[in-house]
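Each value in this text was obtained by applying a stated rule to the coordinates, not by laboratory testing. It should be emphasised that the depicted structure is a prediction, and the values quoted were computed from it without experimental measurement. All Cβ positions, even for glycine, are placed from backbone atoms using ideal geometry, and neighbour counts span all protein chains on display.
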Amino acid sequence: MNFASTALLAMAMSTDAFAAAVGKGTALEKPRWSEALRIGAIFGVIEAITPVIGWALGYAASSYVKTWDHWIAFTLLCVLGARMVWAALRKSGEEETEKPRSHGFWVLAVTGFATSIDAMAVGVGLAFLDVNIVPVAAAIGFATFAMVTLGVMVGRLLGNVAGRWAEAIGGVLLIGIGSAILYEHLSALA
């Protein structure tokens, strides 16, 4: 793969993580750059590891990963999104409570993994093209780190506008991302 195709692939793989990061940023109380960088690093590392895992699986179980990747991502993102919407609706009758200053590691890791399932599938495909996976995975991880960091700060701006509904908006975004991934894969099969 040349530099341009690697860069385009990296940007494409980071777009769903960016949208999820906007949702995460809206749910936080004025996230600082340090928190945005932390979230970006978690997503970036996960997004860099998953194509390597997919590449390794490509030799053993490519049809299994390709068959189920969209369902796994859809389920994880919808469950996380529904949880966020439910939490926001439960709070709707209450006075507005303080938003957290940060998200827990495991919530971020699950969200990062859910948005990186497609990168794992790409890794499977790259295994059959005899591509050096290390620079591709590094590019995907770096692009995701940058896009997620930016997404959290965009979410900060939206959170100020959206007020107490920011968490619900973030949940709807995650459900939308999951649904888009599922639709994209199912329509490609048709």
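A full extension of the chain between Val110 and Thr67 corresponds to an added length of 13.4 nm, given 0.36 nm per residue minus the alpha carbon distance. The stretch between Leu8 and Ala56, if pulled fully straight at 0.36 nm per residue, gains 15.1 nm over its current Cα-Cα span.
Using R0 = 35 Å, the C-beta based FRET efficiency linking Leu89 and Thr15 works out to 0.80. Compute the label zone of Arg32 within segment 111-149: residues whose backbone N is under 18 Å from the point 7 Å along Cα-to-Cβ. Inside the label zone: 149.
Residue exposure proxy: Arg90, Arg83, ordered by other Cβ atoms within 10 angstrom of their Cβ from fewest to most, comes out as Arg90, Arg83.
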